[in-house]
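Undergrad: My questions will all concern the structure given below.
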Amino acid sequence: EVEDEERYRVRFISECAKIPEDMSFFFENGLNFVLPTDKYASEYARLCRDEGVNRFWGYDFRCDAEGCDDGYFLREAERGFDSGCTLTLFVLQDDKFVGEVLLYYFNYLGGAECAVRLLPEFMGRGLGTEVLWALIKAASDMGLKELYATVDPDNLPSVKLFEKKFEKQKTDGKNLKFLLKM
């Protein structure tokens, strides 16, 4: 109840807001997912600035961050988590930064959209598949029941990646939609 008024304030808390601030995941294949940290800020900035990697990403941070320092991208990832909207996890392989996974657009019903982004030197070696499988496991461990993905149909590696485990749902006229019920 708002003091001295006849109204109430309602706060919706997404699944992301329920995630512990010290979350990390360790997998048998040497992959780890960790919350963003300064240790990998320059590698993360390189990922975010890479034109080839981001060609199909859907949003180019460079538009809002022309001339920014490497820490900008890290701060944006942290801001998304602090607001309860986006969970960015750095993907490490044997303590080396290789990319990121995201959970976002939480639907308050146990579902979230997901995305995978790898540095160019780690693409085309099957690592994306391992990362996606690990993301599915991590999402399930967090209590999520559904994952969604939106993929540009021209992004053939991502289309093939999500077709391995997700069901193709529909298109929105521009993108392919995928769903995985866990």
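The values are calculated or read from the model by the stated rules, or taken from the named source; none is laboratory data. As the structure is a prediction and not an experimental result, all values here were calculated from the model. Every residue, glycine as well, gets a Cβ built from its backbone with ideal geometry; the counts of neighbours run over all protein chains shown. Heads up: the accessible areas ignore ligands, DNA and RNA and are worked out on the full protein's heavy atoms, side chains in. Shrake-Rupley method; radii C 1.70, N 1.55, O 1.52, S 1.80 Å.
Undergrad: Looking only at region 81-93, which residues are open to solvent by 30 Å² or more (accessible area, probe 1.4 Å) and of a type in the set (Val, Ile, Thr)?
TA: Scanning region 81-93 gives a single hit, THR86.
Undergrad: So, one more: Does LYS170 fit the bill of being without any contact (Cβ under 8 Å) to a residue 40 or more places away in the chain, farther than 24 Å from ARG46 by Cα and part of a strand (DSSP E or B)?
TA: So LYS170 fits the description; yes.
Undergrad: ARG125 - would you say it is within 22 Å of ARG55 (Cα to Cα), in contact (Cβ under 8 Å) with a residue 60 or more places away in the chain and out of contact with any Lys or Arg (no Cβ under 9 Å at 6 or more places or on another chain)?
TA: So ARG125 does not fit the description; no.
Undergrad: Report yes if TYR108 is assigned to a loop (DSSP other than H, G, I, E, B), of a type in the set (Phe, Trp, Tyr) and more than 24 Å from SER158 (Cβ to Cβ), otherwise no.
TA: yes
Undergrad: Another question, then. Pairs under 9 Å by beta carbon, first residue under 21 Å from MET23 (Cα atoms) in region 141-156, partner among the charged types (D, E, K, R) and in a strand (DSSP E or B), six or more apart or different chains?
TA: These pairs meet every condition: LYS145/LYS181; GLU146/LYS181; LEU147/GLU113; LEU147/LYS181.
Undergrad: Among the residues of region 10-61 satisfying the criterion of being at pLDDT below 90 and polar (S, T, N, Q), which is surrounded by the most Cβ atoms within 10 Å (Cβ to Cβ)?
TA: SER14
Undergrad: Would you pick out the residues in region 149-182 that are open to solvent by 60 Å² or more (accessible area, probe 1.4 Å), of a type outside the set (Asp, Glu) and out of contact with any Lys or Arg (no Cβ under 6 Å at 6 or more places or on another chain)?
TA: If the condition is that a residue be open to solvent by 60 Å² or more (accessible area, probe 1.4 Å), of a type outside the set (Asp, Glu) and out of contact with any Lys or Arg (no Cβ under 6 Å at 6 or more places or on another chain), then LEU156, PRO157, LYS160, LYS164, LYS165, LYS168, THR171, GLY173, LYS174, LYS181 are the ones that fit.
Undergrad: Give me the residue from region 76-105 that is in a helix (DSSP H, G or I) and among the acidic types (Asp, Glu) and, out of that set, modelled with the lowest pLDDT.
TA: Step by step, filter region 76-105, then rank; the result is ASP82.
Undergrad: Report, by residue number, each residue of region 79-106 that is of a type outside the set (A, V, I, L, M, F, W, C), touching a strand residue (DSSP E or B) at 6+ places or on another chain (Cβ under 8 Å), more than 11 Å from PHE33 (Cα to Cα) and touching a residue at least 60 places away in the same chain (Cβ under 8 Å).
TA: Selection gives THR86, TYR104.
Undergrad: Based on what the data block shows, is ALA139 surrounded by 16 or more Cβ atoms within 10 Å (Cβ to Cβ), outside any strand (DSSP E or B) and touching a Ser or Thr at 6+ places or on another chain (Cβ under 8 Å)?
TA: Against the criterion (surrounded by 16 or more Cβ atoms within 10 Å (Cβ to Cβ), outside any strand (DSSP E or B) and touching a Ser or Thr at 6+ places or on another chain (Cβ under 8 Å)), ALA139 does not qualify.
Undergrad: Consider region 94-129. How many of its residues are farther than 21 Å from THR150 by Cα and either among the hydrophobic types (A, V, I, L, M, F, W, C) or open to solvent by less than 50 Å² (accessible area, probe 1.4 Å) (or both)?
TA: Looking only at that region, the number is 3.
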